[in-house]
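Engineer: Have a look at this one.
Bear in mind these aren't lab numbers, they're just calculated from the coordinates by the rules spelled out. Remember, predicted model here, so these are calculated numbers, not experimental data. Here the Cβ positions follow ideal geometry from the backbone for every residue, glycine too, while neighbour counts run over all protein chains shown.
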Amino acid sequence: MLPLRFGAPPAGGYRILCLGAHSDDIEIGCSGTILRLLEEEKVAEVTWVVLSGGADRAREARRGARRVLGRFPGARVVQREFRDGFFPYDAVPVKEFFEELKRSVEPDVIFTHYRKDAHQDHRYVAELTHSTFRRHLVLEYEVMKTDGDLGNPQVYVPLGARTVRKKVDILMDCFGSQRSHTWFSEDAFRGLMRLRGIEGLSASGHAEAFHARRIVL
Ligand SMILES: [Zn+2]
């Protein structure tokens, strides 16, 4: 399989935008890929946006982002407190935030939720991503849950053992508030990455996977 890479970065490096409805979504869905990009590519900027969270979950979100982004100088973490579970019903302020965001970033690649995700907040974030950033490369990540809404992704990013371990460590260390969910476990995170690694022909055995509405070669 001939692997693809992003086109040449603009001067300075790639500008990456990560969007997550809740404190742990970005880490679950795409932190392995972000770790790889930071390590292997020229990256100028990562804007990391978490759209909900009271005091505790906001703290978790900042901690998780710090662990993934490390000392990367182009990191910008944005935290908002839209009401968890109510994004489509409190739609206007969330939409206004996306309009504000559009004026402050010009991303080369965007990581966001899957547009067919069963969680209403995730789905609304995906919808706003596509309606706000219409001429961009958008990769939609997966968040497993009891709804059984994982689809058939098309884009696979192989992850080495060290990156898989770091991602799982960050998730287990930073998000104590989520431990009560049956799916929030080390074996579940590893299991999904292993499955995607098989599908994605990953030599290391693990991968993250994404849905893409449009990819231009
Ligand atoms: Zn979420």
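Engineer: Any aspartates and glutamates with Cα under 14 Å of the Lys42 Cα? List them, leaving off those in the same chain fewer than 8 positions away.
Structural biologist: Asp108
Engineer: I'd like to compare 180-186, 150-156, 19-25: which one has the highest average count of other Cβ atoms within 10 Å, and what's the full order after that?
Structural biologist: 19-25, 150-156, 180-186
Engineer: While we're here: Skipping prolines and chain starts, which residues have an amide H placed within reach, meaning under 5 Å, of the one on His113, given they are 5 or more residues away or on another chain?
Structural biologist: Excluding prolines and chain starts, which carry no amide H, the hits are Ala126, Tyr141.
Engineer: Let me ask you something else. Among the lysines, which fall within straight-line cross-link reach of Lys145, defined as a Cα-Cα distance under 26 Å, with same-chain neighbours fewer than 8 residues apart omitted?
Structural biologist: In chain and number order, the partners are Lys95, Lys116, Lys166, Lys167.
Engineer: Next question. Using θ = phi - 60° and the Karplus relation 6.51 cos²θ - 1.76 cosθ + 1.60, list the HN-Hα couplings for segment 140-148 in order, rounded to whole Hz, with x at every Gly or Pro.
Structural biologist: 3J(HN,Hα) across segment 140-148, in whole Hz: 9, 9, 9, 10, 6, 6, 6, 5, x.
Engineer: Give me D for the chain in µm² s⁻¹, whole number, from Stokes-Einstein with Rh from the Kirkwood sum over alpha-carbon pairs, 4 °C and 1.567 mPa s.
Structural biologist: Result for D is 75 µm²/s.
Engineer: Tell me which GluC sites (Glu not before Pro) from segment 1-92 have a DSSP coil assignment and no more than 13 other beta carbons within 10 Å of their own.
Structural biologist: For GluC sites (Glu not before Pro) across segment 1-92 that sit outside H, G, I, E and B with at most 13 neighbouring Cβ atoms in 10 Å, the list reads Glu41.
Engineer: Quick one: which residues, 5 or more positions from Val77 or on another chain, have an amide H under 5 Å from its amide H? H modelled 1.01 Å from N in the peptide plane, none for Pro or chain starts.
Structural biologist: Trp48
Engineer: Which percentage, to the nearest 5, of the DSSP beta bridges contained in the chain is antiparallel?
Structural biologist: Among the beta bridges of the chain, antiparallel pairing accounts for roughly 20 percent.
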